[in-house]
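**Student:** So that we are looking at the same thing, I have put the structure below in structure tokens.
Where a number appears in this text, it was derived from the coordinates with a stated rule and is not lab data. Predicted model only: the values in this text are computed from it and were never measured. Backbone-built Cβ (ideal geometry, glycine too); neighbour counts: all protein chains shown.
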Amino acid sequence: MTTSKTVTLKDVAERAHVSQSVVSTVLNDRQNGIFVSEGTRRNVLQAAEALGYAARHRPLPPVRRPGRRAPAGHDPHLVGVLLGRRFGGSLFTDTFYGVNAALAPQGYHPLVLDTYAEAYSKASEKEAECLRYAHENNFAGIVLWHEGDTANVPLIREISAEMPVIAIDRRVPGVPLDFVGTDNYAGAYEATRHLIQLGHTRIAHLTRLESTAAAVERLRGYQQALADAGLEADPRHILLALDRGRRLDANMVRQAFAAEDRPTAIFLLADFWAPPVYAELRGLGLRVPEDVALVGFDDVIQPGLSDLELTSMAQDFEGIGRTAGECVLRRIAQPGAPPVTQVFPARLVVRRSSGVAAPDPSPAPAEERAAVPAAPAPPPVSRSPRRKRSVAVVS
């Protein structure tokens, strides 16, 4: 068959109703980390013959892991897991562990690609670099914790048309991807309701200036819980993290909590903000929880809180990672399937930071304040010991 235009992998993929990665695997007779059934292989070859396709470019070289050699004729079955180092701790490792639990039994190997950049203005560039690395090196798929900026949306849309891309925690606006995350709205609603049930009526919320979908959902949940309780949200009590959620607006926090009608509780966008907020409150002479109740989101252990047990909404990061890995496998097998959204509930874990009824917001003299006994801590919450897990990282 003679054609008037150059036939591409995309043309063959559309005719065979498969992804371009599958076409590349079949026509180059390489595994690329993708299992292709005999029927699919036959369809691809027939489509290529009908269109007159002939491979003109040498395929990209396989990715080599440092210190290891891939067996002859075999490429690593790699799945890129794009995470920012700033997420850190159990959030980072539990997510990776879950992805690995789903992929390893099927012969795939997740590889963390670190999207963190010291300068927040470079974050989108680092994410784009990691996306291109996975794409150009024929990874089997990508699990993406999106940085949140819209700059990479066109690139993500382009890459997701050629290989599986699974979004976790943050949706990518305008791109129809499989998504696995947490019910942020319901979690924020429950966290705020917990504070309301303790008697608080002036509850602040720390969110971020450059909003992500998760931040917007948590703000909405907070606002709805207040409205359902007949409480009015005070704009002065919406506090901000700046620089894409990397820097606390400490002046705003100090102004809100130094006011005569200060909040008696604060719900944080994430546990990450508990240490700096706690430090600002202590700097104002306010105690947690006696003067201000504190509730976070994530249930991730934070350095700098050794003397405070933080109430938090726990996310099932391991479950999210495992489900994302399963989505990669399903997307490899069924590239044309419609995108699926899977959402996990958040679970309230009550600890000492919110463990008292609402205090009287009027400031007490220092000598009286020192005489107030600490409220009894709630019953301890049992937690399974965290396992130490090794993670391979490409920066």
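**Student:** Apply 1/(1 + (r/R0)^6) to the Cβ-Cβ distance of GLU129 and GLU290, taking R0 = 45 Å, and write down the FRET efficiency to the nearest 0.05.
**Tutor:** 0.40
**Student:** Using Stokes-Einstein with the Kirkwood hydrodynamic radius over Cα pairs, what translational diffusion coefficient do you get for region 137-209 at 20 °C and a viscosity of 1.002 mPa s, in µm²/s rounded to a whole number?
**Tutor:** After rounding, the answer is 145 µm²/s.
**Student:** Going by how many other beta carbons lie within 10 Å of each one, how would you line up ARG331, ARG15, fewest first?
**Tutor:** By the 10 Å Cβ count, ascending: ARG15, ARG331.
**Student:** Still on this structure, please answer the following. ³J(HN,Hα) across region 92-102 via Karplus (A = 6.51, B = -1.76, C = 1.60, θ = phi - 60°), whole Hz, x for Gly/Pro?
**Tutor:** Per-residue couplings from phi come out as 5, 6, 5, 4, 4, 4, x, 4, 5, 4, 7 Hz.
**Student:** Same structure, new question: Fewest Cβ neighbours within 10 Å first, please rank LEU198, LEU45 accordingly.
**Tutor:** By the 10 Å Cβ count, ascending: LEU45, LEU198.
**Student:** For GLU14 and LEU231, FRET efficiency with R0 = 56 Å and r from the beta-carbon atoms, rounded to 0.05?
**Tutor:** Between LEU231 and GLU14 the formula returns 0.55.
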